[in-house]
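Here is the structure we will look at.
The values are calculated or read from the model by the stated rules, or taken from the named source; none is laboratory data. No experiment lies behind these values; they were computed from the predicted model shown. Every residue, glycine as well, gets a Cβ built from its backbone with ideal geometry; the counts of neighbours run over all protein chains shown. Accessible surface areas use protein heavy atoms only, side chains included; no ligands, DNA or RNA. Shrake-Rupley method; radii C 1.70, N 1.55, O 1.52, S 1.80 Å.
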Amino acid sequence: MPPTPGPFTGRTIAGLAADLRERRATSAELAERALDAIAALDPVLNAFVTVDAVGALAAARRADEELAGGTDRGPLHGVPVAVKDLIMVAGLPVTMGSRHFAGHVPDADAECVARLRRAGAVIVGTTTTHEFAYGPTGDRSAAGPARNPWDPARMTGGSSAGSAAAVAAGLVPLALGTDTGGSVRIPAALCGVAGFKPAYGAIPADGVFPLSRTFDHVGVLAGDAHDCLLAYRCLAGPNGQKEIGPAHPARLGSPADLARPAGPEGTGPVRVAWLDPAGLFAGDPRVVEAVRAASGALEEVRLPEDVGAALRETYTAVQRCEAAAVHADRLAEAPELFDPEVLERLRAAAEVPGWRYVRAMDARAGLAEAVGALFGDHDVLALPTVPITAQPLGRRETEIDGAPVAVLAALLALTSPWNVLGLPALTVPAGTVNGLPVGLQLVCRPGRELLLFEAESCGPRSG
């Protein structure tokens, strides 16, 4: 675990909920612990952009009053939660990590934040994001870089950088993030926590600043997979309180059906196949070996290299074109307000021709069919979340087996394909390599999310 654990390190939401209901703790006490830990540890980690001590304590007192009066809103009632600085929180500064939005205070909550409040959660503040979520490293923000609790000289990964650092350091037990190409799962893996990106649209993105509307997902980060599931059930569905499992029909929607329907749940062990990551990216052998050992998968499947290449091309073309469209006016009117690296990436994105975007959108149905074939005899695919460990802050090139590798490409390589297809994906800790965390990623079809959590609970883990 990180060298300086906070008050929520090793604590589960279920355990905190039991403490609240059995009067071993109050929500106000939990909020105070979170605020004290943030004050002590965040000057090093830079996980938080805004801390709302007054609002958090007021919400915690309301939560205590409701529980005392017999109103119980569920497992998140009275639990401290952080929200990525890209998701609107009424009355708090939300800057998107950019000087373009300095002083911006939304007057309405994002729908996912409104659902947190309805579930009784206590929002303690907003967390550092890579500027406009346009980067997987988490070290380019107007608020400065988020730092990895395992080694503050290293990056957290991004773009939900502060959310991962806050959970990993035990400052809060749960945080919201967004995930366009891996921005929940990448920092979760590099910081040694769990992160869940549900199916596309399962948690509404209303009130979330867009990066790429085709690929943007809202997700959750927590200490373990079960806490991610608890939060997901409170946030998903038409009005929250989502029921998932055998009674929930598959949502296959756009981009296309993923081939044959999955086998019935509850009829036997979850069928997990190891997806050889080489079909997508050649990873650090130490990382791949550690995660393979943690997966417990007995069978292996491989994605054809042409399919892997097509997934990369599709992701790149769609994401770049949509990001350029979101920022076209800012690029023209005030380019100097962008971080230089983000500005360079956006200018490159603006050069992608429209025909590439159209072709990429058209290619998604065929890619869904090709990936769907991997699920023919399996329920869940297992692979590393990230093929490298957390790199030093600012590093943009590393080596794998002596060959130079771009850090940004490596971070996104194994997570972005599942955004292209809108598939649910969960990352859980899978041990360490050279003292730094690595993550196991589990992927399934929409509507089969419960299988991810069943697979996680029954597989071996390395410590």
query: Sorted by average packing, counted as other Cβ atoms within 10 angstrom per residue and highest first, what order do 376-384, 286-294, 157-165 take?
result: 157-165, 376-384, 286-294
- line: If amide H atoms are modeled at 1.01 Å from N in the peptide plane, then the residues at a separation of 5 or more from Phe48, or on another chain, having amide H under 5 Å from its own are Thr128
statement: Protection proxy (average C-beta count within 10 Å per residue), highest first, orders 43-56, 320-333 as 43-56, 320-333
- prompt: Asp206 to Ala40: extension gain in nm, 0.36 nm per residue of separation minus the Cα-Cα distance?
  reply: 56.4 nm
query: For labels at Ser457 and Asp107 in the simple 7 Å Cα→Cβ model, what's the distance in nm?
result: 4.6 nm
message: With θ taken as phi - 60° and the coefficients 6.51, -1.76 and 1.60, list the Karplus ³J(HN,Hα) couplings across region 386-399 in order, rounded to whole Hz; mark glycine and proline as x.
response: 10, x, 9, 8, 4, 8, x, 3, x, 6, 10, 9, 9, 10
message: Taking amide H atoms as placed 1.01 Å from N in the peptide plane, list the residues 5 or more away in sequence, or in a different chain, whose amide H sits under 5 Å from that of His217.
response: Asp179, Thr180
query: Spin-label point model (7 Å from Cα, Cβ direction): what's the His226 to Asp276 distance in nm?
result: 3.7 nm
query: Using a ≥ b ≥ c from the Cα gyration tensor of region 262-348 (square roots of the eigenvalues), is it rounded, prolate or oblate, where a/c under 1.5 gives rounded and otherwise the larger of a/b and b/c decides, a/b for prolate?
result: prolate
field: Karplus-derived 3J(HN,Hα), 6.51/-1.76/1.60, for each residue of region 371-377, Hz, glycine and proline x
entry: 5, x, 4, 5, 8, x, 10
- line: Per the C-alpha gyration tensor (a ≥ b ≥ c, the square roots of its eigenvalues), region 10-92 is rounded if a/c is under 1.5, else prolate if a/b beats b/c, else oblate; here it's prolate
- prompt: Shape call for region 352-463 from the C-alpha gyration tensor, a ≥ b ≥ c root eigenvalues: rounded (a/c under 1.5), prolate (a/b greater than b/c) or oblate?
  reply: oblate
- line: Taking the chain and counting helices only, DSSP H stretches of n ≥ 4 at -39,500 (n - 2.57) each over all residues, the nearest-500 ellipticity at 222 nm comes to -11500 deg cm²/dmol
message: Using each residue's phi in region 73-87, evaluate 6.51 cos²θ - 1.76 cosθ + 1.60 at θ = phi - 60° and report the 3J(HN,Hα) Karplus result to the nearest Hz, with x for Gly and Pro.
response: 8, x, x, 8, 4, x, 8, x, 9, 10, 10, 4, 6, 9, 10
field: Packing-based order for 401-411, 337-347, 417-427, 170-180, using average beta carbon neighbours within 10 Å, highest first
entry: 170-180, 417-427, 337-347, 401-411
- prompt: Which percentage, to the nearest 5, of the DSSP beta bridges contained in the chain is antiparallel?
  reply: 70 percent
message: Under the rule of at least 5 residues apart or a separate chain, name every residue whose amide H is placed under 5 Å from the amide H of Gly283.
response: none
message: Normalised by the empirical 2.2 N^0.38 Å for globular proteins, what value does the Cα Rg of region 1-151 take?
response: 1.06
task: Sort Arg23, Arg445 by accessible area with a 1.4 Å probe, largest first.
output: Arg23, Arg445
message: Relative to 2.2 N^0.38 Å, what does the C-alpha radius of gyration of the chain come to as a ratio? Two decimals please.
response: 0.90
